[in-house]
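Taking it in order: structure first as structure tokens, then the write-up.
The values are calculated or read from the model by the stated rules, or taken from the named source; none is laboratory data. Fair warning: this is a prediction, and the values are worked out from it, not measured in the lab. Every residue, glycine among them, receives a Cβ derived from its backbone with ideal geometry; neighbour counts consider all protein chains shown. Just so you know, the surface numbers come from the protein's heavy atoms only, side chains and all, with ligands and any DNA or RNA stripped out. Shrake-Rupley method; radii C 1.70, N 1.55, O 1.52, S 1.80 Å.
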Amino acid sequence: MDSDSSLRPSYYRPSWFLKPEIQWLIRTLKNADIRFLFFGGGIRDTILGVCDPTDIDLYAAATTEAIKATLDKAGIHSTIGGYGKLIADIDGELFDIIPWKDPEFLSHDVNISRNAIRNKAIYSDFTMNSLFLSPEGELYDFFGGVRDLFNGKVRFNVDPHDSIPRKPSEILRFFRFHAWYGKGEPDAYTVQV
């Protein structure tokens, strides 16, 4: 299911990168040397042309406590949610920041770092939700999510035989996403599973 798009970096500089709240968050994390990536629905919606997505999430390479201390020092209000997730509130805009403790992500070797990002992407459900965007605008698409978005294909990024038994609720999510983003019939292989 890998896509050769992962071999060619793509760059996006979405307009929401220029929002003061996002700039404040980027500056705060960068000044603290906390490496991070945007992921999830905000990236998907950006690629589809939504100028101001509301679902902007981040993975940050630090502990919950270190991220919270960094945000507090910058005057950004945050609360700790389940599983150590932080919810940062910047002028009413909410951002989920999820600690990511993979030392390979911090590697200066670009291949090791990309491999860590790919391994993280595997845990997302669909190819279109497995997209990551660096604060510099580099888009990581390991499973053909951009292609699937434009073609209206909702596909699991791993074999549905593996993912559905672990999380049966993915069946409902699959059909919900197909109703929102799909074109034509749902993926035949997934429906068969």
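Listing for the model above:
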item	result
Check on Ser124, in a helix (DSSP H, G or I) and not hydrophobic (A, V, I, L, M, F, W, C)	no
Whichever residue in the range 102-117 is open to solvent by less than 60 Å² (accessible area, probe 1.4 Å) and out of contact with any Asp or Glu (no Cβ under 8 Å at 6 or more places or on another chain) and, among such residues, is modelled with the highest pLDDT	Ile117
Residue list for the range 28-54, restricted to those being without any contact (Cβ under 8 Å) to a residue 24 or more places away in the chain, of a type outside the set (S, T, N, Q) and either open to solvent by 70 Å² or more (accessible area, probe 1.4 Å) or within 17 Å of Leu94 (Cα to Cα) (or both)	Asp33, Asp45
Tabulated pairs, the range 155-182, first assigned to a strand (DSSP E or B), second at pLDDT below 85 and open to solvent by less than 80 Å² (accessible area, probe 1.4 Å), C-beta under 9 angstrom, 6+ apart or interchain	Phe156/Ser163; Phe156/Ile164; Phe156/Val193
Test: residue in the range 63-83 that is under 19 Å from the mean Cα position of the chain (by Cα), within 30 Å of Asn151 (Cα to Cα) and touching a residue at least 12 places away in the same chain (Cβ under 8 Å)	no
Residue list for the range 123-155, restricted to those being small (Gly, Ala, Ser) and within 23 Å of Glu21 (Cα to Cα)	Ser134, Gly137
Hits in the range 55-97 (condition: open to solvent by less than 20 Å² (accessible area, probe 1.4 Å), part of a strand (DSSP E or B) and hydroxyl-bearing (Ser, Thr, Tyr))	Ser78
Checking Ile112 against (1) assigned to a helix (DSSP H, G or I); (2) without any contact (Cβ under 8 Å) to a residue 12 or more places away in the chain; (3) within 16 Å of Tyr12 (Cα to Cα), the condition it does not meet	(3)
Residue that is modelled with the lowest pLDDT [pool: residues in the range 118-153 that are under 26 Å from Ser15 (Cβ atoms) and among the aliphatic types (A, V, I, L, M)]	Ala121
